[in-house]
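The values are calculated or read from the model by the stated rules, or taken from the named source; none is laboratory data. Note that this is a predicted model, so its numbers are computed, not measured. Here the Cβ positions follow ideal geometry from the backbone for every residue, glycine too, while neighbour counts run over all protein chains shown.
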Amino acid sequence: MKASQFLITTLKEAPADAEVASHRLMTRAGMVRKLGAGIYNYMPMGLRVIRKIEAIVREEMNRAGAVEMTMPVIQPAEYWQESGRFEKMGPELLRIKDRHDRDFVVQPTSEEVVTDVARQELRSYKQLPRNLYQIQTKFRDERRPRFGLMRGREFIMKDAYSFDRDEAGAKASYQVMGAAYRRIFDRFGLRYRAVAADSGAIGGDLSEEFQVIAATGEDAIVYCPHSDYAANMEKAEALAPAGPRPAPSNPLVRTPTPGKSTCAEVAALLGVPLATTVKSLVLATDTLNEAGEVVKSQVWLLLLRGDHDMNEVKVGKVPGLDQGYRFATVPEIEAHFGCKPGYLGPIGLKQPVKLVVDREVAVMADWICGGNEVDVHLTGVNWGRDLPEPDQVADIRNVVEGDPSPDGKGRLAIERGIEVGHVFYLGTKYSKGMNATFLDEDGKPKHFEMGCYGIGITRLPAAAIEQNHDERGIIWPDAIAPFTVVVCPIGMDRSAEVKAAADNLYMQLLNDGVDVILDDRGERPGAMFADWELIGVPHRITIGDRGLKAGEVEYQHRRDSAPTAVKLADIVAHVK
Ligand code: ATP
Ligand code: MG
Ligand code: MG
Ligand code: MG
């Protein structure tokens, strides 16, 4: 590829709504352009990354014996009515109507359609096991699309579905997918962890998420550094003993002047430097049922360090933290707001939130904390996340750093992750729901045993960047870089030697199957280097007059701080 023919649209500034590095850098590098909330154009540079990810996923899926097909993005509602999800699924499911007033859904995933394919096409046990997958556009009307491609509304997912004769077969298929996922994520060159995830009532332990480790991840993952125990927070909490925890050993002490303490005093108590004011934020979490109705509301207090913009955060529902949770945990709150809470606890307070837990005002008049305005403080705050409402005590299973690991092999640590893959044993949930059967050896119809397996294709570049970037831009792992090598000629228009050497090297690399781009745009070296460092191409070869005279070019890896001279004759071997 020649840069003059490609579409390179780098930007100096990141969009104002870009909260995390990957969103800022993918936009600045011209990889994506926002079309609407959670809806993006994959620009040529970004699409190359996506295609490389797809190719690796496809290769490993095929190797694992899965078969590719595609299912419609727009699906008739009748299949979803059959499984019950048309009614049951909340507003994340985008429902649309055609001109005849018939209902359709835009696929958020494809269990229904693939189950229909199975009941039509897989008639006999002799056709089993079978694994069908697609790499296809999905739409989820996420309540809070954000972080660019990380949580889009339209995104690309690889979704695979296994069909087996019996439970043992399904579990074997699940293991095959788990192994394929490990190969896939190893090939991407990212640091990740496979963690146990909650599989609901069915499936026992057979649900795992693949989490790319990154501080900005939305998920909290709990692991034991001394064993292979690793689970997402929900799962870890499900395993933890129920009931309130003993009060944490918290450095907080009672304020010396209840009701009148200043921000500085509160900051001192929290052990937070008062570079700016310690701000507090009141927020409410709602627990929703499957129909999306609020069944429980709770009020929380979050203390933020530094000058978080209070205007960005609205008091009210906290999208993403509420579904299925009794309480939002500290790491989740941290992830949600991208900053550390000073401390967090259920509180009783006066104003100004709409969801006031009056009863707690009466019983918890212990503490004071900074309010939303300078020198405005709240009284009646009880510090500690261990004070659930009495009727919920039995449900609370908080897990914190330092808790003993369930396997008894050490203490737990918590880190943040980005869910890039999920494998799930489904059992007969869909095959029974949609009466999908095959004829078994004994001639009797049986319901398929199923599994489903997703990979967030377009979430992956964002996850890769969260893990691999610096102040100059992205640093792609070779396997998924938009181009592996960039050739940068200096003064190509002035020097026939440079032009000839660059053209020559470019052709040689192409012929050797290297994914190379030649920067023939005629940019000044500074601007040219800045572009490629932002875009994150891992290997750069610079060709200039002076080096050529000595038979040399300059090589620099994106992680190197300076270039090294390499003989022109050796450079192809050097980057291969
Ligand atoms: P999340 O917890 O992040 O909402 P999920 O558990 O709802 O994800 P799954 O139903 O397990 O997602 O879908 C499989 C994969 O699809 C996820 O592991 C993730 O990588 C990807 N994915 C899900 N939602 C999105 C989204 N809104 N944008 C981009 N990728 C997504
Ligand atoms: Mg989701
Ligand atoms: Mg999830
Ligand atoms: Mg998931």
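What to note about this one:
- Test result for residue 51, within 18 Å of residue 455 (Cα to Cα) and free of Cβ contacts under 8 Å to residues at least 60 places away in the same chain: yes
Listed here are the residues, each with its yes/no results for (1) farther than 30 Å from residue 173 by Cα; (2) of a type in the set (Phe, Trp, Tyr); (3) within 12 Å of ligand 1 (Cβ to nearest atom); (4) at pLDDT 60 or above.
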position: 203; (1), (2), (3), (4): no, no, no, no
position: 228; (1), (2), (3), (4): no, no, no, yes
position: 248; (1), (2), (3), (4): yes, no, no, no
position: 264; (1), (2), (3), (4): yes, no, no, no
position: 267; (1), (2), (3), (4): yes, no, no, no
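- Residues in segment 133-171 that are hydrophobic (A, V, I, L, M, F, W, C), closer than 22 Å to residue 59 by Cα and within 24 Å of the chain's Cα centre (by Cα): 135, 155, 156, 157, 160.
- Segment 472-486, residues that are under 15 Å from residue 560 (Cβ atoms) and of a type outside the set (Phe, Trp, Tyr): 472, 473, 475, 478, 485, 486
- Those residues of segment 145-176 which are basic (Lys, Arg), within 16 Å of ligand 1 (Cβ to nearest atom) and touching a helix residue (DSSP H, G or I) at 6+ places or on another chain (Cβ under 9 Å), in sequence order: 146, 151, 158
- Options 192, 174; residue that is buried (at least 17 other Cβ atoms within 10 Å of the Cβ) and over 14 Å from the mean Cα position of the chain (by Cα): 174
- One residue from 113, 195, 212 being touching a Gly at 6+ places or on another chain (Cβ under 7 Å), within 16 Å of ligand 1 (Cβ to nearest atom) and modelled with pLDDT of 95 or more: 212
- Subset of segment 34-53 [more than 23 Å from residue 486 (Cα to Cα) and either over 17 Å from the mean Cα position of the chain (by Cα) or of a type outside the set (Val, Ile, Thr) (or both)]: 34, 35, 36, 37, 38, 40, 41
- Residue check: residue 121 meets all listed conditions (1) within 16 Å of ligand 1 (Cβ to nearest atom); (2) surrounded by fewer than 20 Cβ atoms within 10 Å (Cβ to Cβ) but one, namely (1).
- Of all residues in segment 419-431, none are more than 16 Å from ligand 4 (Cβ to nearest atom) and of a type in the set (D, E, K, R).
- Checking each residue of segment 411-427 against the condition of being under 16 Å from residue 211 (Cβ atoms), away from ligand 3 (no atom under 16 Å from the Cβ), at pLDDT below 95 and in a loop (DSSP other than H, G, I, E, B) gives at least one match.
One line per residue, one yes/no per condition, for (1) of a type in the set (A, V, I, L, M, F, W, C); (2) buried (at least 20 other Cβ atoms within 10 Å of the Cβ); (3) within 16 Å of ligand 3 (Cβ to nearest atom):
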residue	(1), (2), (3)
132	yes, yes, no
135	yes, yes, no
168	yes, no, no
199	no, no, yes
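- Residue check for residue 104: surrounded by fewer than 21 Cβ atoms within 10 Å (Cβ to Cβ) and within 28 Å of residue 466 (Cα to Cα): no
- Any chance residue 526 is modelled with pLDDT of 95 or more and out of contact with any helix residue (DSSP H, G or I) (no Cβ under 7 Å at 6 or more places or on another chain): yes
- Unmet criterion (only one of (1) within 16 Å of ligand 2 (Cβ to nearest atom); (2) out of contact with any His (no Cβ under 9 Å at 6 or more places or on another chain); (3) farther than 14 Å from residue 463 by Cα) for residue 151: (3)
- Checking 63, 28 one by one, the residue that is surrounded by 20 or more Cβ atoms within 10 Å (Cβ to Cβ) and of a type in the set (D, E, K, R) is 28 and no other.
- Flag for residue 185 being near ligand 1 (Cβ under 10 Å from one of its atoms) and crowded, with 20+ Cβ neighbours inside 10 Å: no
- Residue 19 meets the conditions (1) touching a residue at least 24 places away in the same chain (Cβ under 8 Å); (2) of a type outside the set (Gly, Ala, Ser); (3) under 21 Å from residue 519 (Cα atoms); (4) part of a loop (DSSP other than H, G, I, E, B) in every case but one. The failed one is (3).
- Single residue of segment 83-93 satisfying the filter (more than 16 Å from ligand 4 (Cβ to nearest atom) and surrounded by fewer than 17 Cβ atoms within 10 Å (Cβ to Cβ)) that is nearest to residue 480 (Cα to Cα): 91
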